[in-house]
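A quick write-up on the structure given underneath.
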Amino acid sequence: MTSTFPAIQLENVVREFHVGTHVVRALDSISLTIEHGEMVAIIGPSGSGKSTLMNTLGCLDQPTSGSFVLNGQDVSGLSDNQLAETRSRQLGFVFQSYNLLPRETALSNVELPLKYSGGYSGKDRRSAAKTALDRVGLSERYDHRPMQMSGGEQQRVGIARALVKNPELILADEPTGNLDTKSSAEVIEMLRSLNEEDGKTIVVVTHDTEVAEAMNRIIAFRDGRIVEDRSVDQPTPTSASVDSSKQ
Amino acid sequence: MNAALLISTALASVSANKLRASLTLLGIVIGVSSVIAMMAVGRGAQVSVTSRISDLGTDLITVSPGAEALRFAFFGGGGNSDVLSLADALALKDDVFAPDVRLVAPENSFSGSAIVGSENTFVNGVGVTAEYLEARNLSMEYGRNISNIDVENTSLVAVLGSEISETLFGQQNPVGATMKISEREFTIVGVMESQEGTIFNPDNSVLIPITTAHYRINNGKGLFDSIAVSSINVLARSENTVDDARLDISTVLRLRHELAADDEDDFLITTQQDTIETLEGTQGTFVILLGSIAGISLLVGGIGVMNIMLVSVTERTREIGIRRAVGAKRRDILFQFVTEAILMTFAGGILGVVTGWAIAYFGNGATVDGDIIETVIETHIAVIALGVSVAVGLFFGIYPAVRAASLNPIEALRHE
């Protein structure tokens, strides 16, 4: 997994939307580098472009111009199929509203990404999904459906689903937006531990300053531009060098 | 996604809404089962008509007066010139001019009431010669056939069909008894065996000598040779020489009627093969008609599938977004929805084949308005119907599936 490339490298990324006759610049020439093992919060008011950035990082959307290199691979020119493959191989998503399939069990929800990536037998899928659920502390919940779980548990299923293919990068879009304080703290703790213990690169979009302050770096957006980019000193020292040596 | 995974995913989605799936399926079941049942009834009718005609013997040729064109002329102006006479019939017996003709049996017809004491029944009267019975593949139950001596003597003798006999005389053997037709008193000399179920059922017929019919019932005049006949039944030497016999008949009659080379025939020759072909053609149209009606219900079922799939795509927009986000390609989504549609129509097809088969099986021999329905179940129809139902799923599933696959994942994820 060691790579000489940064996890994320954006250069002069522009994303424009046509709204009627207007052209809205959601991302206005963004250049940004995120290294492996970083844990970044992206903050900003609604309409600042952070969601568009998230969609671009998540390979769900393509920049209008500029380049996006994900782990050494230029993603900006890829076809729809190649993007799907990149999502499948490199990324894990965590959503604000969990986005679990309501009729499926926790185990089956976590298996879903494996179903779209070939090479896994049913047995492999189940054992990988169980490992991921164990990692987020839901060993007792394999056969529960989303409706039978608390919000915090559902979000942890969401995190397990993001983890199951062991991706380098985890993107979380307002992961605590629907959660109470206690569950939020648990989810943040979970993300921190994935960063510190498993060396995952984590990017979190959030409104919540407490969540943002729990990350190692905060990038603030306004009107499609980066207005602030600072690192945060955490009380327990975490060092990228330790993480990268683990890798 | 591999095929097994695709099918298990589709199965899970379809069974998540069982009522909806079964109602959708029902449309296909009705369509497929009606195709199977209708085709079975249609083919049954076709087969039974063909076998009834074949019972008559395929070496039978019928000659009737009048040019083909005139028969169907709107104002029916065929006129009396197109007449076949007894002399025409006798000429067909000529071994030199008509070597491939084995037997000639002219007939004419009359109708009237047969009266025995207080019993009274309407009859189809046929004036015949001795050869009629053999030509029509009939046989006697009691007594004797009309003989050619009866014909020469214009005798007042009659042979009864079995149903007439039963109506007038009950279970008694009527041979030797008398009955009245048109004020003439006939002696009954024989009764024909029942031929129930054949296409020219003689059970309601009364046979009398052709001369008696002409002179004593129809009050005809003229010499024996000039007696008009309504048709001439001809048997060819064998089934293989039917076409030769047909040519013989044409040659003899054209000569006798003094037709010029460019004149049309003033008579019509029909072989059993012609009749079978005509009837099979008619029946074929009937089968196609039945099949089309059933096919339309299958089409309606297919539209039902499409409707449900479109609703399903809208309802499951978010699910589609989730699947896309975790790595599903467009074609994964496309295949998933098409598989769901095919799964429904295939299941409907199987149930439909079973239902249609059961209808045809238990409907065989049922009576509707006095007619016995015969059904012939053909395996290839079942296979085709099943194939068509899968094709219906594919055809009507593909548009909703394309819609699902072309959803923008970002918007799909945002969908409430």
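The values are calculated or read from the model by the stated rules, or taken from the named source; none is laboratory data. Just so it is clear, the structure is predicted and the values come from calculations on it, not from any experiment. Cβ atoms come from the backbone with ideal geometry, glycine included; neighbour counts cover every protein chain shown. Please note that ligands, DNA and RNA were not included when accessible areas were found on the heavy atoms of the full protein model with its side chains. Shrake-Rupley method; radii C 1.70, N 1.55, O 1.52, S 1.80 Å.
Across the range B:83-265, the volume of the C-alpha convex hull divided among the residues equals 124 Å³ per residue.
Note on the range B:88-132: the alpha carbon radius of gyration divided by the globular reference 2.2 N^0.38 Å gives 1.74.
The relative contact order of chain B, computed from alpha carbon pairs under 8 Å that lie at least 6 residues apart in sequence, is 29 percent. Taking a probe of 1.4 angstrom, what is the accessible area of B:THR367 in Å², to the nearest 10? Probe radius 1.4 Å; accessible area of B:THR367 about 90 Å². Given a 1.4 Å probe and the protein chains as shown, A:SER67 ends up with an accessible area of around 30 Å².
Panel note: the C-alpha atoms of chain B, placed on their principal axes, show extents of 103, 56, 39 Å (largest first). Across B:HIS380, A:HIS18, the residue with the most accessible area heads the list, and the full order at a 1.4 Å probe is A:HIS18, B:HIS380. Residues of the range B:330-378 losing 30 Å² or more of accessible surface, assembly versus chain alone, probe 1.4 Å, please list them. Residues losing area: B:ARG330. With a 1.4 angstrom probe, the accessible area lost at the B-A interface totals about 2100 Å².
When the solvent-accessible area of the range B:206-357 is split by element, carbon and sulfur atoms take up 62 percent of it, the probe being 1.4 Å.
Note that the protein assembly as shown presents 46 Å² accessible area per residue, ligands and nucleic acids not counted, probe 1.4 Å. On the principal axes of its alpha-carbon atoms, chain A has extents of 49, 43, 39 Å, going from largest to smallest.
Selection among B:VAL313, A:SER31, B:THR339 by position relative to the dipole of the protein assembly as shown gives A:SER31 as farthest towards the positive end (Cβ unit charges, Cα centre). Taking the chain by itself as reference, the range B:1-42 contains these residues with an accessible-area loss of 20 Å² or more in the full protein complex (1.4 Å probe, heavy atoms): B:MET1, B:LEU5, B:ALA16.
Considering only Cα atoms, the convex hull volume of the range B:183-248 works out to 155 Å³ per residue. Distance from the C-alpha centroid of the range A:193-211 to that of the range B:122-163: 108 Å, rounded to the whole angstrom.
Quick one: ranking A:THR181, B:THR355, B:THR211 by accessible area, 1.4 Å probe, largest first, what do you get?
A:THR181, B:THR355, B:THR211
Applying the criteria of a DSSP loop state and at most 13 other Cβ atoms within 10 Å to the trypsin sites (Lys or Arg not before Pro) of the range B:177-251 yields B:LYS221. When only alpha carbons are used to place a centre, the range A:68-142 and the range B:275-334 end up 34 Å from one another.
Evaluated with a Cβ-only charge set (Lys, Arg +1; Asp, Glu -1), chain B carries a dipole of roughly 3180 debye about its Cα centre, given to the nearest 20. In the assembled protein chains, B:VAL353 presents an accessible area of approximately 20 Å² (probe radius 1.4 Å).
Hey, could you grab the Kirkwood Rh for the protein assembly as shown? Inverse mean 1/r over distinct alpha carbon pairs, Å, one decimal. Over the protein assembly as shown, the inverse of the mean reciprocal pair distance is 32.8 Å. Principal-axis analysis of the Cα atoms of chain B puts helix B:272-315 at an angle of about 20° to the longest axis. Across the cross-link table entries A:LYS50/A:LYS115; A:LYS130/A:LYS200; A:LYS50/A:LYS200, which are compared at the Cα atoms, the separations over 25 Å belong to A:LYS50/A:LYS115.
Going by alpha carbons, how many degrees (0 to 90, nearest 10) lie between the helix axis of B:3-16 and the longest principal axis of chain B? Taking the Cα atoms of chain B, the angle to B:3-16 is about 90 degrees. Among the residues of the range A:75-90, those with an accessible-area drop of 50 Å² or more from chain alone to full protein complex, heavy atoms and 1.4 Å probe, are A:ASP80, A:ASN81, A:ARG87. In the calculated pair distance distribution of the range B:301-341, what percentage of Cα-Cα distances lie above 12 Å? Pairs farther apart than 12 Å: 60 percent.
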